[in-house]
Amino acid sequence: LWHITSLGCFSTSNAWWCGRENSLTYQAGSNHVDTAFTSTNISLGSTPATLVFHEWYETENGLDDCQLWLSTNNGTAWMPVRTNCWGSSTGWRMSATDLSSLTNGTVRIRFRFDTQNGLFNEYPGWFVDDIQIAQKVDQDNDGLYDYEETWYGTNPTNTDSDQDGIKDGDEIYLAGTDAADPASAMAFEQIRPAVTGRVELSWRSTQGKHYGLEYKDALT
């Protein structure tokens, strides 16, 4: 089922997809789907690195699993680094896996899709795009690795992209604001006594920009 498709992508014009072009699902009759695409050996240098990719998935929640596995011995043995990833990604999302412990080693990467049974496989499935091994380098010493800068619209040679006096990395990871928006600021509103345990959080921004708070069970 894994192949390169033009049905959807994060960038350019295609992506890897585990699915059937004729049905737009990963339904394979009544068969249990357990399939993967695997890289060749990748030699990691002396600079610590991160595996970065974009993904979009819509699968049966609680079963049809978008897994990531690694091998450090030419594929003889594999170790899971992500399992229990199913349901909806609610659009394209970025995923990152730290490879620092494998510095100066060799790694193979496997994207494995396991439905665990042959039932309820009429979902769009799992798309993967823009897979890269990125060095953990921070040229401008702003607290963001160079590969992260593009995610946030900042510049790897500019410590404070919006010139608001806060380093880009501090603004994103500590202040919770937008390093590309000089008017962005986060503010806690007064707790309303009538609603026990409730705190309201708001962002100030330039006109036309809107921010929201997203909750995830786990971060990778």
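When you look at V107, is it over 17 Å from D34 (Cβ atoms) and in a strand (DSSP E or B), yes or no?
Yes; evaluated as a whole, the condition is true for this residue.
For the range 130-182, name all the residues that are among the small types (G, A, S), open to solvent by 50 Å² or more (accessible area, probe 1.4 Å) and free of Cβ contacts under 8 Å to residues at least 24 places away in the same chain.
Result: G165, single match.
Being within 17 Å of the chain's Cα centre (by Cα) and either at pLDDT 95 or above or polar (S, T, N, Q) (or both): is that true of W78 here?
no
What are the residues in the range 49-71 that are in a loop (DSSP other than H, G, I, E, B) and surrounded by 17 or more Cβ atoms within 10 Å (Cβ to Cβ), if any? I'd like the intermediate steps shown before the answer.
Step one: list which residues in the range 49-71 are in a loop (DSSP other than H, G, I, E, B), which gives 59-64.
Those that are in a loop (DSSP other than H, G, I, E, B) and surrounded by 17 or more Cβ atoms within 10 Å (Cβ to Cβ): T59, E60, D64.
Only one of F127, F120 is surrounded by 13 or more Cβ atoms within 10 Å (Cβ to Cβ) and outside any loop (DSSP other than H, G, I, E, B); which?
On the way: F120 fails: outside any loop (DSSP other than H, G, I, E, B).
So the residue among F127, F120 that is surrounded by 13 or more Cβ atoms within 10 Å (Cβ to Cβ) and outside any loop (DSSP other than H, G, I, E, B) is F127.
Within the range 188-195, is there a residue that is modelled with pLDDT of 90 or more and assigned to a loop (DSSP other than H, G, I, E, B)?
Looking for residues that are modelled with pLDDT of 90 or more and assigned to a loop (DSSP other than H, G, I, E, B), one finds none in the range 188-195, hence no.
Could you go through the range 79-87 and let me know if any residue there is open to solvent by 60 Å² or more (accessible area, probe 1.4 Å), among the polar types (S, T, N, Q) and in contact (Cβ under 8 Å) with a residue 12 or more places away in the chain.
Yes, the range 79-87 contains at least one residue that is open to solvent by 60 Å² or more (accessible area, probe 1.4 Å), among the polar types (S, T, N, Q) and in contact (Cβ under 8 Å) with a residue 12 or more places away in the chain.
Residues in the range 89-111: is at least one free of Cβ contacts under 8 Å to residues at least 24 places away in the same chain and either closer than 21 Å to S46 by Cβ or β-branched (V, I, T) (or both)?
In the first step, residues of the range 89-111 are kept if they are free of Cβ contacts under 8 Å to residues at least 24 places away in the same chain; the result is 90, 101.
From what's left, either closer than 21 Å to S46 by Cβ or β-branched (V, I, T) (or both): 90, 101.
Yes, the range 89-111 contains at least one residue that is free of Cβ contacts under 8 Å to residues at least 24 places away in the same chain and either closer than 21 Å to S46 by Cβ or β-branched (V, I, T) (or both).
Being open to solvent by 90 Å² or more (accessible area, probe 1.4 Å), part of a loop (DSSP other than H, G, I, E, B) and either in contact (Cβ under 8 Å) with a residue 60 or more places away in the chain or not basic (K, R) (or both) is true for just one of S11, S30. Which residue is that? Quick ask: steps written out before the conclusion?
Numbers: S11 fails: open to solvent by 90 Å² or more (accessible area, probe 1.4 Å).
Step by step, each of S11, S30 is checked, and only S30 is open to solvent by 90 Å² or more (accessible area, probe 1.4 Å), part of a loop (DSSP other than H, G, I, E, B) and either in contact (Cβ under 8 Å) with a residue 60 or more places away in the chain or not basic (K, R) (or both).
The values are calculated or read from the model by the stated rules, or taken from the named source; none is laboratory data. Please read these numbers as outputs of a predicted model, since none were measured by experiment. Ideal geometry is used to build each Cβ from the backbone, glycine not excepted, and the neighbour counts take in all protein chains shown. Protein only, heavy atoms only, side chains kept; ligands, DNA and RNA dropped before computing areas. Shrake-Rupley method; radii C 1.70, N 1.55, O 1.52, S 1.80 Å.
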